[in-house]
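What follows is a set of notes on a single structure, which appears directly below.
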Amino acid sequence: MSYRIIAKKDLAQGIHLLRVEAPAIASKAQAGQFTMVRGDEKGERIPITIADWDKQEGSITIVFMEVGATTKKLACLNVGDTLLNFVGPLGRPTEIKSFGTVACVAGGFAIATIVPIARAMKQAGNRVISIMGFRTKDLVFWEDRLKEVSDNLIITTDDGSYKRKGLVTEPLEELLEQDTINRVIAIGPTIMMKACSTTTMSFGVKTMVSLNPIMVDGTGMCGSCRVSIGGKTMFACVDGPDFDGHAVDWDLLMNRQRIYLDEERESQRLLEKRLRPEF
Ligand SMILES: Cc1cc2nc3c(=O)[nH]c(=O)nc-3n(C[C@H](O)[C@H](O)[C@H](O)COP(=O)(O)OP(=O)(O)OC[C@H]3O[C@@H](n4cnc5c(N)ncnc54)[C@H](O)[C@@H]3O)c2cc1C
Ligand code: FES
């Protein structure tokens, strides 16, 4: 079985959206879950979060950033092309309850991950305050989507080219000082999730993060997504990807994310050579 791409959109520099025909996944998807995607039989299987789903159309939307060989190959696909494997929904859904006021903090491509979570939090009766951070204005996307499901939306750029200059942790700290925040959800690059968890720790506000270790099978069999939570070994693909940010062993996670750096560089080099043989 293959999975047909029914829509494609370039959302920002190096960030793409694909809507894929996958009725079985769409019928069960919940906020916070992910898929394992493989473009063709020579391709690597990679985890990508479910950014949206449409049960009636039977489709799943994914949003991804080009960072290496597999995401660059996915970016070359077009409407009518197919994915060889598209498995999901995987992982535990995000815990959605009426907490009171929830701060949803997202960095970079993770805006696509936080939108369905913010929407579900809002539907559960929470006041939702969202903070989205980007390196620069050219990378901003889905501002309207997040605004629609938030009571208040704060946007930061590292270089100050759009809205507030600085990192997401600055408005997050101000919010914690000025308001009663009952839960924080922080999703984005590992360093950003670590910084958000450090910020919320002194305020004692439970902070859930969505961990992104290297995943191979996505079903708890291979052990590659091993993380340490409160001293206990867990597998992010089946026990997560959401975990309590105050209990994560961040150093172990960051070390394990780097173990295939040489192989990743080599596969990028081979892909560039195939795409631009003159170099
Ligand atoms: C649960 C989960 C959900 C994710 N959701 C999204 C998403 O919605 N959008 C998005 O753009 N990215 C998402 N990612 C990250 C995405 O899987 C990686 O960017 C992708 O695998 C990179 O592959 P590559 O070949 O293009 O790059 P590579 O050059 O192979 O790797 C670049 C970096 O990506 C990470 N990475 C590489 N392979 C894997 C892998 N098999 N599993 C996890 N991380 C890997 C490593 O940190 C690596 O250093 C998610 C990761 C996880 C674990
Ligand atoms: S990806 Fe293999 S155990 Fe989680």
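The values are calculated or read from the model by the stated rules, or taken from the named source; none is laboratory data. Here the structure is a predicted model, which is why all the values come from computation and not from measurement. Heads up, the Cβs are rebuilt from the backbone with ideal geometry, glycines too, and the neighbour counts pull from every protein chain shown. In case anyone asks, the SASA skips ligands and DNA or RNA and just uses the protein heavy atoms, side chains included. Shrake-Rupley method; radii C 1.70, N 1.55, O 1.52, S 1.80 Å.
Within the stretch 5-54, the residues that satisfy the criterion of being charged (D, E, K, R) and within 24 Å of residue 94 (Cβ to Cβ) are 19, 28, 45, 52, 54. Within the stretch 202-230, being at positive phi and either open to solvent by 70 Å² or more (accessible area, probe 1.4 Å) or near ligand 2 (Cβ under 9 Å from one of its atoms) (or both) holds for 218, 220, 223. Within the stretch 99-135, the only residue that satisfies the criterion of being within 15 Å of ligand 1 (Cβ to nearest atom) and assigned to a loop (DSSP other than H, G, I, E, B) is 135. For the subset of the stretch 199-223 comprising residues that are in contact (Cβ under 8 Å) with a residue 24 or more places away in the chain and hydroxyl-bearing (Ser, Thr, Tyr), which member is nearest to ligand 1 (Cβ to nearest atom)? Among them, the one singled out is 210.
Given the criteria modelled with pLDDT under 95, among the hydrophobic types (A, V, I, L, M, F, W, C), open to solvent by 50 Å² or more (accessible area, probe 1.4 Å) and outside the structural domain of residue 202 (by TED's automatic domain parsing), does residue 271 qualify?
Values: modelled with pLDDT under 95: yes; among the hydrophobic types (A, V, I, L, M, F, W, C): yes; open to solvent by 50 Å² or more (accessible area, probe 1.4 Å): no; outside the structural domain of residue 202 (by TED's automatic domain parsing): yes.
So residue 271 fails the test.
When the stretch 4-61 is limited to residues that are in contact with a Cys (Cβ under 9 Å, 6 or more places away or on another chain) and closer than 21 Å to residue 104 by Cβ, the one that is surrounded by the fewest Cβ atoms within 10 Å (Cβ to Cβ) turns out to be 47.
The C-beta contact set for the stretch 61-82 (first residue over 24 Å from residue 31 (Cβ atoms) and more than 16 Å from ligand 2 (Cβ to nearest atom), second residue of a type in the set (S, T, N, Q) and open to solvent by 30 Å² or more (accessible area, probe 1.4 Å), distance under 8 angstrom, 6+ apart or interchain) comprises 68/267; 68/268; 69/267; 69/268; 72/268; 82/2.
Taking the stretch 62-94 on its own, how many of its residues are small (Gly, Ala, Ser), under 19 Å from residue 23 (Cβ atoms) and surrounded by fewer than 22 Cβ atoms within 10 Å (Cβ to Cβ)? It would help to see each step written out before you state the result.
The initial filter retains those residues of the stretch 62-94 that are small (Gly, Ala, Ser), namely 68-69, 75, 80, 88, 91.
Right, trim to under 19 Å from residue 23 (Cβ atoms) and you get 80, 88.
Now narrow it down to the ones that are surrounded by fewer than 22 Cβ atoms within 10 Å (Cβ to Cβ): 80.
Residues meeting the conditions: 1.
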